[in-house]
Amino acid sequence: MKERVVVKIGSQVLTRKDGTLDVTQMSALVDQIAELNKSGVEIILVSSGAVASGKSEVKAKAKLDTVSARQLYSSVGQVKLINRYSDLFRQHGIVCGQILATKEDFSTRRHYLNQRNCMSVMLDNKVMPIVNENDAISVNGLMFTDNDELSGLVATMMGCNKLIILSNINGIYTGNPSDPASELIREIDTKNGKNNIEDCIQTSKSSTGRGGMTTKYNIARKVAEEGIEVIIANGRTSHILVDLIGKKDVPSTRFVASPKAANSLKKWIAHSEGFAKGEIHVNQGASEALLGEKAVSLLPIGITKIIGNFEADDIVRIIDHLGKQIGIGRTAYNSEKANEIIGKSNKKAVIHYDYLYIEK
Ligand code: GLU
């Protein structure tokens, strides 16, 4: 089977301390991507660096608020970034195309399929997609947490085998990475539970990008559970991409892919939490059944309460008897109808198994 990989490159990897684009570094990564591409690996690039590189280009007239600063810098920086990529890939005979996405572009199944179609048609025609969040028009509060989240969504949407997140650190450490006593965690298997790994992660964020190791870890777990191998590695290590794909033993943190791959609809639902329109509360029996090994749908008989106004086909959260969210799903009924059938038997499922994502 053909390998299809999402490579996410963080701002810290692409920019120098003064914020200007580190062209030597970009060029080294493009060389590797081109080499892999020529050997038959399909690559989708998710690249940050717009805001960081725009900052070094324009001097704002007055002090800007966060939103205006992001809008101004990304609008300028994205042009620099994509032009540079385009020139570098052209030297290898590779055509690249730009996709600027907002979170809303994934908000309904129709939007999601449209995004998927766009990337598929590019790949089919040997055009390398270079994706970034459209920071200039993204609305505060409705944005992706960072490009790590966006890259996870793209990897699952495009049925990739791997997601490689390149940062300025080798991976997740057992403590503060600058402390010599801390060790790099080489492998994380999500089926072994969380193993206190979250406690090991340093919460400090990078100075240029929005993400931190905590979001990387959470995204990586979720994507690995959906059947995709995720690797966090240092983008500044030479030959890192070629070595990782060639399965060489290089310092990195690898998340083992779960053997049970979710279907594409479930994948969309798994990443749709931000669009939830309401809550469906369930009793203990229903919660146990949903969390169990067997594939079950959510029936009206297990429902105790409906909160919020939603339409049929909207995304809703599923809350257990203790008030804890256990999953999300696409409801078959609107909130009014769902309210009418609470506790009833012999009714069609409120959320069919195919439209259900349970967080285990
Ligand atoms: N989209 C932002 C940029 O290009 C980066 C977001 C992030 O840090 O993940 O600058």
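The values are calculated or read from the model by the stated rules, or taken from the named source; none is laboratory data. Just so it is clear, the structure is predicted and the values come from calculations on it, not from any experiment. No Cβ is skipped: glycine too gets one built from the backbone with ideal geometry, and neighbour counts run over all protein chains shown. To get the accessible areas, we keep the full protein, side chains included, count just its heavy atoms, and leave off ligands, DNA and RNA. Shrake-Rupley method; radii C 1.70, N 1.55, O 1.52, S 1.80 Å.
Brief remarks follow.
- Hey, residue 178 assigned to a loop (DSSP other than H, G, I, E, B) and either within 22 Å of residue 15 (Cβ to Cβ) or modelled with pLDDT of 85 or more (or both) or not: yes
- Residue within segment 232-248 that is touching a helix residue (DSSP H, G or I) at 6+ places or on another chain (Cβ under 6 Å) and more than 30 Å from residue 15 (Cβ to Cβ) present: no
- Selection status of residue 152, of a type outside the set (A, V, I, L, M), within 16 Å of the ligand (Cβ to nearest atom) and free of Cβ contacts under 8 Å to residues at least 24 places away in the same chain: no
- Of the residues making up segment 49-58, none is away from the ligand (no atom under 15 Å from the Cβ) and touching a Phe, Trp or Tyr at 6+ places or on another chain (Cβ under 7 Å).
- Selection from segment 72-89 of residues that are within 14 Å of the ligand (Cβ to nearest atom) and among the hydrophobic types (A, V, I, L, M, F, W, C): 72, 76, 79, 81, 82
- For segment 158-173, the condition holds for no residue, the condition being that it is over 30 Å from residue 50 (Cβ atoms) and more than 16 Å from the ligand (Cβ to nearest atom).
- Of the set (1) out of contact with any helix residue (DSSP H, G or I) (no Cβ under 7 Å at 6 or more places or on another chain); (2) within 16 Å of the ligand (Cβ to nearest atom); (3) hydroxyl-bearing (Ser, Thr, Tyr), all apply to residue 24 but (2).
- Residue selected from segment 12-31 under the condition in contact with a strand residue (DSSP E or B) (Cβ under 9 Å, 6 or more places away or on another chain) and of a type in the set (S, T, N, Q), by the criterion surrounded by the fewest Cβ atoms within 10 Å (Cβ to Cβ): 25
- Only one of the listed residues (201, 315, 228, 232) is crowded, with 18+ Cβ neighbours inside 10 Å, modelled with pLDDT of 95 or more and either among the β-branched types (Val, Ile, Thr) or more than 16 Å from the ligand (Cβ to nearest atom) (or both). That residue is 232.
- Extreme residue, most open to solvent (accessible area, probe 1.4 Å), among residues of segment 101-136 that are among the hydrophobic types (A, V, I, L, M, F, W, C) and within 12 Å of the ligand (Cβ to nearest atom): 136
- Filter pass, residue 40 being within 12 Å of the ligand (Cβ to nearest atom), in contact (Cβ under 8 Å) with a residue 12 or more places away in the chain and on the phi > 0 side of the Ramachandran plot: no
- Against the conditions (1) within 21 Å of residue 98 (Cα to Cα); (2) open to solvent by less than 30 Å² (accessible area, probe 1.4 Å); (3) hydrophobic (A, V, I, L, M, F, W, C); (4) within 15 Å of the ligand (Cβ to nearest atom), residue 69 satisfies every one except (1).
- Any hit, segment 40-60, residues being open to solvent by 40 Å² or more (accessible area, probe 1.4 Å) and at pLDDT 95 or above: no
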